[in-house]
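Heads up, the thing below is written out as structure tokens.
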Amino acid sequence: MRADARRNRARILAAAEEVFAEKGEGASTEEVASRAGVAIGTVFRHFPTKRDLLAAIMKELRARLVGEAAALAARADPATAFFDYFAFLVERAARVRTVLGLLAAEGMGVEPGDQIRALQQAVGELLAAAQRAGAVRPDVGIDEVMAILTAACQGALHGAWDDDLRRRTLAVVFDGLRPRP
């Protein structure tokens with residue numbers, strides 16, 4: 001793909017994520033094109049159907065989630081990176097509620113696939129680093145963390161948690177993950 005086509009595709013995806021989050025299923029492809037600063041034909045060249053556009057948004061989101069874990073692992077304090085990433089994932093779940101709902105309305109499930117396995121590996125690496133730093137109980141495994149993370153993301157997603165409820169809930173979860181004195 002040419003550089004300009006890659007840039008257009010990225011702008012379309014970013015604009016579509018915003019437009020769908022703001023307007024829900026009433027969002028139009030024309031609004032996406034306008035927000036991206038491209039012609040409607042450019043949107044359709046990259047994404048022939050709304051379903052294609054929604055699937056691409058989810059694929060891009062999953063890649064960003066894995067990338068954020070790698071960035072935190074590289075630059076953040078291991079004692080806080082795990083908790084920061086956990087909170088980031090729950091917050092993102094609340095933001096993508098509309099896109100997931102639209103995918104379900106289109107009859108598309110969100111398949112775990114390789115990206116979810118990569119996400120679990122990234123969480124596992126952050127968990128191990130946090131445990132080495134003494135910030136997470138040593139008896140907590142990746143299976144428990146993924147179960148808690150999935151439950152918290154589903155709660156934020158389907159319960160439409162506001163920022164305060166999300167913050168308070170995560171404080172309780174994090175307290176349970178930290179070592180006891």
Item checked: Normalised per residue, the volume of the convex hull around the Cα set of region 1-48 (Å³) -> 60 Å³
Checklist line | In degrees, nearest ten, helix 113-132 long axis to first principal axis of the chain (Cα) | finding: 30 degrees
Item checked: Packing-based exposure ordering (other Cβ within 10 Å, fewest first) of His158, His46 -> His158, His46
Check: Hey, if you put +1 on the Cβ of every Lys and Arg and -1 on every Asp and Glu Cβ in region 1-48, which of Leu13, Ala3, Val32 ends up farthest toward the positive end of that dipole?
Finding: Ala3
Item checked: Rounded Å value of the spacing that divides the Cα centres of region 58-88 and region 113-181 -> 12 Å
Notebook entry, point to check: How large is ³J(HN,Hα) for each residue in region 32-49, as worked out from phi by the Karplus curve 6.51 cos²θ - 1.76 cosθ + 1.60 (θ = phi - 60°), to whole Hz, x for Gly and Pro?
Noted result: 4, 4, 4, 5, 7, x, 10, 6, 4, x, 5, 4, 5, 5, 7, 9, x, 10
Next item on the list: Calculate the radius of gyration of the Cα atoms of region 1-89 to one decimal place, then report Dmax, the largest Cα-Cα distance, as a whole number, both in Å.
Entry: 15.7, 48
Item checked: Pairwise Cα inverse-distance average, inverted: Kirkwood Rh of the chain (Å) -> 17.7 Å
Next item on the list: Stick to the Cα atoms of region 137-181, pair each with every other, and give me the Kirkwood hydrodynamic radius in Å at one decimal.
Entry: 11.3 Å
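FYI, it's all coordinate maths here, none of it is from the lab. Since the model is a prediction, treat every value here as computed from it, not as a measurement. Backbone-built Cβ (ideal geometry, glycine too); neighbour counts: all protein chains shown.
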